[in-house]
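Read the figures in this text as sums done on the coordinates, not as results from a lab. Remember, it's a predicted structure, so these values are computed and weren't measured experimentally. Glycine gets a Cβ as well: all are built from the backbone with ideal geometry, and neighbour counts include every protein chain shown.
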């Protein structure tokens, strides 16, 4: 602990003239005032060299005992991360440093003011410091001094500026919707907020402004957007946060086509202006059915092949029981051909891939290598040569190829083989090699419903306000629910879903049918969404919308693999802020004011 | 309730070509596609006239049975607020309507598609509908169809766009700070959010991002801003909302002067670009002490005079006991001169003013009218002629003037006479007359502390991170707390505080002294603000900032008298959303998941 009281020198009368990182050869001869943090200090005889850092970069400052003895003596006592103001003249540097943007120049100081001292910081202020994330988050205010973190935050602002400019030009109006909204009874992942004034009642923090933006369409606001925080109290995975930011949009008098056209143009502008990458429009499109069939994923990474091949029909009645059983029971057998890479996958590597498949519930991973001598595989002996040849032919197998198969229910095959496909690409260095390639894809015609495995009911795949395809709408009240398709679209980038949306239902009768299909009685539907149904009575326009995950988009633009790298003060995976220790216990008096009580149940 | 299922016509293939309100004489001859709501419909022989409304305005559509019988017959059945798409040709209007921007033209329809029907709406969609606010809020989605409400929302966006552009040009970086933060133990007005993952613990919704933006300064981010929602669970007055929006800024390496210069320029740009009003810079300034002395308010409306005059020294020992007592007991007697307006205030009016004074805790309101015959006043008889003359002279009284006086403790005199001053201006129509005059004012040198009347302790007038004036800093640990001044500044417009800020303490030792002055032990201070004190150990730059209330700013720009008019979905004065009925009871299962229980105490 520091005990002395520092006598700080005021900055009165000194005005910063530019950022440290801005100085170049053309500034030689100018007098400048810089303010920032001491990155490094060296004493060399009668000279003190200081690397001074601010948001703009780093510049070398020289204090010469012959020029200003007082400044020199003060400079000698500087420590790391001291905050100083320096006045001096820009001069040509004797030993130029080509690795620094300011490496041609240095500032010869004639005045130094100490603005604050610093203890030795617990983490290094440099990009390649490999300290634990826990420590980085605890001292986030120091972590954010790192140039890469500052670049990420500035990139984030650049993206939101482009989005706002573009959407404003397109006649969208940014409208703030409330954060204190009505809890949805099914909203298992709502954050609740007790109301003091209305005892025993709760607001919820919005999981998205979905209903409110639809009401804005009913109000005629036409084209709405908002860059807005949303909240979801769910188990946190690597790329989730309790609060996240959405670029949220909604339009009236449009169809899916219009939304996709406007939004892909926005994406194009973002990529061009931030990282100078040209995205060709229109973006490729693929139906959900095709994406699942070819990649086993509704967010396929299309930067590489290894597409799925269905061999179910070929293995009916074959000698390999696992495959034959699947073919018989309406399950499927699918494979991928890792072309020319058989040698890169010795047994041990294949066993890692099999572990990956098993993590995603497959019972195993079958493989075949095609060699000059024919098919090498532990399961080869179960097949007739004819069957083997047919499989190899279907898989387009050539010498040197590795074939990988999963046999199971479709859902498991998709998941497990899809993950194996990614693991193969990772292992082969394809993801690293193509990290600067940006493959966008629209995935369309999502299923309207999906089965909730826990209770066997159908739930909305997107949300209950999504419109079915016109040709499917008449089957809303039949039992063919799993075949219904939605006017929903996701935008996928390199295997990540970066946005999604849909045409909404704008007819209250269709909306009621939709609620009924989801198993809600009229009363339940009205209790939950009565205000929407009411609004739809008074002239709702056709409307559609879309939301982007800003955190993930910026993460991909920044080329980092974790959204916490692009968020100033994120929570950790336990939803805790290690810097402030939020959340924290509340005082009894506070809880009493709110008419609630903590009630922790003992573990069973 | 509507029971039939409407068969909607799709908009497929029809694309809106422009807004209704955009059509002018130069569009004559063009084919257009309009989509919007039926404002009004009239049948005239073989013609149907429809006023069609969208976000852009209103335009007349004509359906002629001779042109397109099918469209005509559909048009005949249209009702108010039906949603339609119309294709047709722009023609010159026969009977022009100079009151409508589109009054020179009309659209001759050759195609009509019904997009949605409407029941009779519960409120009229017109600006001058004088229905109750309760009904307007319940049907907000209809209320927002009113042109004035849409204008307000678009004005709001225009303001945020200007702010973002201006601050970005000034090198500010917009950085999102979290909404789920640590509760401050003293934060009596925090909204709490129970954590599911961290049982028994709570986040708070931020009352402002104060500490986080200061940490961003410690991190070197230099110039931060954010347009951000803040939350305060307080009793709601006419112009308060549980959630409100702030333009929040913070800068490093600056003094108060720099913040004020940058921010007043922003205000100038906002007023010029939105309502074309020129604001002259630099804005006038006044210390807090002067503002209180002259207007009894730290947010004086300087559009009119009636400034306070202190007559305490004149009434010492005078015959009017109320005045004399005050002079004796260290209280004060102050008056205003309502020049030339004596006749506008008969006794009954003065009695209304007295009621106003009493509302603000004054015991009464003394008055004198100056007539040709001398001073008319119920209290005139208590004064010697000499005393009366001295008072009149000090008040600069002339024939026809009305003098009003309050005698009490300073705080009460300021409050009560200040409100009387406003009531006088209101009564005289000055506020209405000057509603397009915008008087800005910086109020500076606020007191650092104020006494908390409930417990007699000192609390921070702004917040505990505000720096004292340099010349007052040494007296932090003396008992002269009520004389200490802060480096704090408010920006005032026509009697409203529209923003405020301060230079912050950036030295942890000074910050500790400040906490001590507020009666916090070292341990308490550390428990509450340890992360800030820690951060200050590692090189905090001098920094200062400011926040504007966006809602109020837009309200003043829009010329309305209630912030709910510039918020899409506000809460009412009971913190309830009448449209969705938020807040609402939560399900037991939800509360159990959150480890809390509702616990309503019986009223005593």
If you take every DSSP beta bridge fully contained in chain A, what fraction is antiparallel? Give it as a percent rounded to 5.
95
Cα axis of helix B:508-517 to longest principal axis of chain B: angle in degrees, 0 to 90, nearest 10?
70
By how many nm would the segment from residue B:523 to residue B:127 lengthen if fully extended, with 0.36 nm per residue of separation less the alpha-carbon distance?
136.8 nm
At R0 = 56 Å, FRET efficiency that the Cβ-Cβ distance of residue B:258 and residue A:278 yields, to 0.05:
0.85
Dividing the alpha-carbon Rg of the range B:20-116 by 2.2 N^0.38 Å yields what?
0.94
Shortest-first distances to equivalent copies, position residue A:317, nm, label 7 Å out along Cβ:
12.8
Residue list for the range A:62-80, given a label point 7 angstrom along the Cα-to-Cβ vector of residue A:97 and an amide N cut-off under 16 Å
A:62-63, A:80
Across peptide B:137-147, how many C-beta atoms of other chains are within 10 Å of each residue C-beta, on average?
5
Cβ neighbours within 10 Å from other chains - mean over B:229-236
3
Under a crude label model (7 Å from the Cα following the beta-carbon direction), how far is residue A:161 from residue A:240 in nanometres?
3.4
Full-extension gain in nm, residue B:168 to residue B:325, via 0.36 nm per residue minus C-alpha separation
50.7 nm
Given the DSSP H assignment, sum -39500 (n - 2.57) over each helix run of at least 4 residues in chain A and divide by its residue total; what's the result at 222 nm in deg cm²/dmol, nearest 500?
-8500 deg cm²/dmol
Arranged by the count of other C-beta atoms within 10 angstrom, fewest first, what order do A:37, B:442 take?
B:442, A:37
What spacing in nm lies between the two simple spin-label points modelled at residue B:363 and residue A:307, each 7 Å away from Cα in the Cβ direction?
9.3
I want to make sure I understand the PRE zone here: with the label point 7 angstrom from the Cα of residue B:352 toward its beta carbon, which residues in the range B:368-392 have backbone N atoms less than 11 Å away?
none
Can you list the distances in nanometres, one decimal and ascending, from the residue A:559 label point to the identical position in each other copy, with the point 7 Å along Cα to Cβ?
5.4
What is the extension gain from residue A:394 to residue A:560, computed as 0.36 nm multiplied by their sequence separation minus the C-alpha to C-alpha distance, in nm to one decimal?
55.9 nm
When only Cα pairs under 8 Å and 6 or more residues apart are kept, what is the percent relative contact order across the range A:304-433?
34
As I understand it, the value is the acute angle between the Cα axis of helix A:347-359 and the longest principal axis of the Cα atoms of chain A; what does it come to in degrees, rounded to 10?
80
Modelled FRET efficiency - R0 45 Å, residue B:148 with residue B:188, Cβ distances, 0.05 increments
0.75
Residue by residue through A:524-530, how many Cβ atoms from other chains fall within 10 Å of the Cβ on average?
1
Simple spin-label estimate for residue B:451 and residue B:587 in nanometres, 7 Å along Cα-Cβ
5.5
May I ask you to order B:170-180, A:269-279 by the average number of other C-beta atoms within 10 Å around their residues, highest value first?
B:170-180, A:269-279
Taking Cα atoms, how many degrees apart are the long axis of helix B:147-169 and the longest axis of chain B, rounded to 10 and kept between 0 and 90?
60
For chain A: relative contact order, % (alpha-carbon pairs under 8 angstrom, 6 or more apart):
13
Quick one: which of B:388-397, A:546-555 comes out on top by average Cβ neighbours within 10 Å, and what's the full order, highest first?
A:546-555, B:388-397
Quick check on packing: order A:503-515, B:215-227 by the mean number of other C-beta atoms within 10 Å, highest mean leading.
B:215-227, A:503-515
